[in-house]
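A.B. asks: Dropping a structure here in structure tokens format, bear with me for questions.
No lab work stands behind these numbers, since they all come straight from the coordinates. Computed from a predicted structure; not experimentally measured. Cβ coordinates were reconstructed from backbone atoms using ideal geometry, including for glycine residues, and neighbour counts include every protein chain displayed.
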């Protein structure tokens, strides 16, 4: 077999493959056997029809086509291996010659990972947030805990912002009632702006058994976004009462006897969180710093696939949240064009980050041990709430193990970058990342990497990962999903 490689662009090649016809003999034999099972010729049992009769009744061309289709995947794989190229995605294949008994030839155009060397990353310096836990943060966390144990009591007065009211609601458009906008005995927090536009303002000042009609915009249902005449009736007004932050509350809400012990525990937990954030930010910014030193062309098709994947993820998450894309864009005060630009930029960074980590793994001759693969599967299974064996079987059956190996390799490559980077906090204090990781690992007996992976994909530069909304994740997570952007293509 002879293979020629023509570079169409720095990220796309054309393989021209010539195959001596005798190499197709096993595929031809297989084709005759399979067709023999399918045809019915008088005097011959299925599977026993001689090849000359198949040529006569079915046609030699059909046999050749069957053989070629069977041979192409293996021949293409051999051509890629011999050419030593890193292909991305599926090729566009065209049979250019099929001379029965003499030669078979085809071409395959396919995207490839660009050829480049990762530059020296010693001496890079990044700055991360400090790890100080303030009294305000402790009290805010304690306040959130008190909110969970709050109680509601009836208030003999008009409703105010922050109160909880039980309401009935009727909506009409052009005098006709909108059925899916009506509700009764609905508990609503005034000021939450979680329902129809104008409802919060209408409720303020109403007492129990009072009603008010106003014009507002429907938030959901078949006629969402339309203006309607809404009538709200207040059935009860209730005030939220927070428990006092005292020893009694500490005993109610935790395993501690005193509020001081609970505060200390909150401070310790927050301290661990901010240190975890420091580690995550150090990894992200280390990769960001390295990416700034690398200029490489990116395959447009791969970038487009990543953009499509992110948009699909956004759509799914918005559906789960009961939001439309228009709602999200309005809340973020972004235009469709601005949003699309952000997603495209993030997708490009994701693909670039994956390329750099993959190439670094090659340059440093990194590999994945079975123990590392098992540890990854166990960690992912714990996060998903399934048995490790169950997840391992799923990954094997769905041919996902190569993608997992790629992800683990990228994590190792990223760890290597961090080892060579100087990390400082905002005050200029140098952070010993190894010591910090050992400290955090010692507290739980588990690897810090497992926790980082829970909220941080390999290859994701820092920037916008802290956003909690589903839409923000889809629009802003940068090189982060590098593993997804390409693992499926490698």
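A.B. asks: To the nearest 10 degrees, how steep is helix 401-419 against the longest Cα principal axis of the chain, on a 0 to 90 scale?
C.D. replies: Value to nearest ten degrees: 60.
A.B. asks: Taking the Cα centroid of segment 32-65 and of segment 314-367, what is the distance between the two, rounded to the nearest whole Å?
C.D. replies: Computed from Cα coordinates, the inter-centre distance equals 53 Å.
A.B. asks: Follow-up. Going by C-beta contacts inside 10 Å, put 218, 145 in order with the fewest on the left. Don't skip to the answer; put the middle values down first.
C.D. replies: Details: 218 21, 145 17.
The order, fewest Cβ neighbours first, is 145, 218.
A.B. asks: Something else: Any idea how far apart residue 384 and residue 56 come out in nm if each label point goes 7 Å out from Cα toward Cβ?
C.D. replies: Label at residue 384, label at residue 56, 5.6 nm between them.
A.B. asks: Report, in whole Å, the centroid distance computed from the Cα atoms of segment 183-235 and segment 377-400.
C.D. replies: Segment 183-235 and segment 377-400 have Cα centres separated by 46 Å.
A.B. asks: From the Cα gyration tensor of segment 177-307, with a ≥ b ≥ c the square roots of its eigenvalues, which class applies: rounded if a/c is under 1.5, or else prolate if a/b is larger than b/c, or else oblate? Intermediate values should be presented prior to the final figure.
C.D. replies: Details: a/c = 4.19, a/b = 1.26, b/c = 3.32.
Since a/c reaches 1.5 but b/c is at least a/b, the shape of segment 177-307 is classed as oblate.
A.B. asks: Now for a different question. On a C-alpha basis, how far is the centre of segment 77-138 from the centre of segment 241-265 in Å? Whole number, if you could?
C.D. replies: Comparing the Cα centres of segment 77-138 and segment 241-265, I get a distance of 54 Å.
A.B. asks: Can you tell me the Rg and the Dmax, both Å, for the Cα atoms in the chain?
C.D. replies: Cα radius of gyration and Dmax of the chain are 31.4, 98 Å respectively.
A.B. asks: Assuming a ≥ b ≥ c are the square roots of the Cα gyration tensor eigenvalues, decide whether segment 1-152 counts as rounded (a/c under 1.5), prolate (otherwise, with a/b larger than b/c) or oblate.
C.D. replies: Since a/c reaches 1.5 but b/c is at least a/b, the shape of segment 1-152 is classed as oblate.
A.B. asks: How far apart, in nm, are the 7 Å Cα→Cβ label points at residue 312 and residue 105?
C.D. replies: Using points 7 Å along Cα→Cβ, the separation is 3.7 nm.
A.B. asks: Extension gain residue 132-residue 226, at 0.36 nm per residue separation less the Cα-Cα distance, in nm? Please report the intermediate quantities before stating the final value.
C.D. replies: Numbers: separation 94, 0.36 × 94 = 33.84 nm, distance 4.82 nm.
Going from the current span to full extension adds 29.0 nm.
A.B. asks: Where does the chain land at 222 nm, in deg cm²/dmol rounded to the nearest 500, when only DSSP H runs of n ≥ 4 count, each adding -39500 (n - 2.57), divided by all residues?
C.D. replies: It lands at -15500 deg cm²/dmol.
A.B. asks: Follow-up. Pairing the Cα long axis of helix 60-83 with the longest principal axis of the chain, what angle in degrees results, from 0 to 90 and rounded to the nearest 10?
C.D. replies: 70
A.B. asks: In degrees between 0 and 90, to the nearest 10, how far off the longest principal axis of the chain does helix 370-384 point, with axes built from Cα atoms?
C.D. replies: 40
A.B. asks: Report the extension gain between residue 338 and residue 161 in nm, rounded to one decimal, defined as 0.36 nm multiplied by the number of residues separating them, less their alpha carbon distance.
C.D. replies: Additional length available on full extension: 60.3 nm.
A.B. asks: Next question. Mind checking the full-extension length gain between residue 22 and residue 38? Use 0.36 nm per residue of separation minus the Cα-Cα distance, one decimal, nm.
C.D. replies: Residue separation times 0.36 nm, minus the Cα-Cα distance, leaves 3.3 nm.
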